[in-house]
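A short worksheet on the structure shown next.
The values are calculated or read from the model by the stated rules, or taken from the named source; none is laboratory data. Computed from a predicted model, the values in this text were never measured in an experiment. Note that each Cβ is placed from the backbone with ideal geometry, even for glycine, and that neighbours are counted across all protein chains shown. When the accessible area is computed, the model is the full protein with side chains, heavy atoms only, and any ligands, DNA or RNA have been set aside. Shrake-Rupley method; radii C 1.70, N 1.55, O 1.52, S 1.80 Å.
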Amino acid sequence: PCYNKIMGKNIILAGKEFTKNSDLEKIAQTLGLNPFVTTQYFEESNTKIISTNTTWNRSSPISAHSVIINAENYFGQIDGAVLFFDSLAYDKIFVHNTLDEFTRATDELILGYNYLTLELLRRFSEHKQGKLFFVIQKQESLADNLKNPQKQQSPQQNLGLITSMAQSAFKSFAENVAAFNFNPNGNFVYLLEASSEISEEEIISWIATKMNEDLPVYKNPKNAVIWQSTENKSKFQIPFMK
């Protein structure tokens, strides 16, 4: 069945499968969004045919394509997608600096986001619509704290080596996707940085606001690659013409 006539924006929420006590779907619905949420992939997973979620095998380009197809089959069209990078959640999983864990992390925490982003960009281009959000729930690495010793230390411990690597990769990738898709008439790529203290409600509320606003227009490409915060409702947006 096609549910594209439901009021509200249809949006894919991906990347929070490993976050304990995440309540993205309920929060998004409360804020007027129609969410399609990725869930953790297991070899024996049996995906429901009709559901508001789908398993995402991050190491598979085919699975990235399937996530989007499943969402479109459910809603009819997709208005946006959010890619979350939850550093603290990942850091609880990748705790050993072994070759196996580095290999798995490269597949799941780096390539997985690359695959899904490329599929989303292709789909948005085909349909000539869609907003793409990169959300990094950032945590300081040991290197960050060594470079900025005067900065107030977070109560959380430093990220491990694997998560630090993947966090940097995600941030650089997101910035360059935003850079390569800069449009002087309006940007569809959004960058949001949130500390671990920022709640899912605050993040989704910010996204819901952006989903219902016009595309932000930036003065120059540099502004398109600056990470915003939930406090910045319309950072760099030009509300007037001279």
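Below is a table of values for the structure above.
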| quantity | calculated |
| --- | --- |
| Pairwise centroid distance, computed over Cα atoms, of segment 171-220 with segment 49-89, Å | 19 Å |
| Label-point separation, Gln157 to Asn114 (7 Å along Cα→Cβ), nm | 3.1 nm |
| The chain, relative contact order [Cα under 8 Å, separation at least 6], % | 19 percent |
| Carbon plus sulfur fraction of accessible area for the chain, probe 1.4 Å, in percent | 53 percent |
| Sequence ranges 93-103, 123-133, ranked by mean other-Cβ count within 10 angstrom, highest first | 123-133, 93-103 |
| Value at 222 nm in deg cm²/dmol, rounded to 500, when DSSP H runs of n ≥ 4 in the chain each add -39,500 (n - 2.57) | -11000 deg cm²/dmol |
| Shape of the chain, Cα gyration tensor, a/c cut at 1.5 | oblate |
| Kyte-Doolittle at least -0.5, axis length at least 24 Å by Cα - qualifying DSSP helices, the chain | 161-180 |
| Projected label distance in nm at Leu99 and Glu231, using a 7 Å step from Cα toward the beta-carbon | 4.7 nm |
| Where the chain is the region considered: accessible area per residue in Å², 1.4 Å probe | 53 Å² |
| Percent of Cα-Cα distances greater than 12 Å, calculated over segment 162-206 | 70 percent |
| Karplus-derived 3J(HN,Hα), 6.51/-1.76/1.60, for each residue of segment 104-110, Hz, glycine and proline x | 5, 5, 4, 5, 8, 9, 10 |
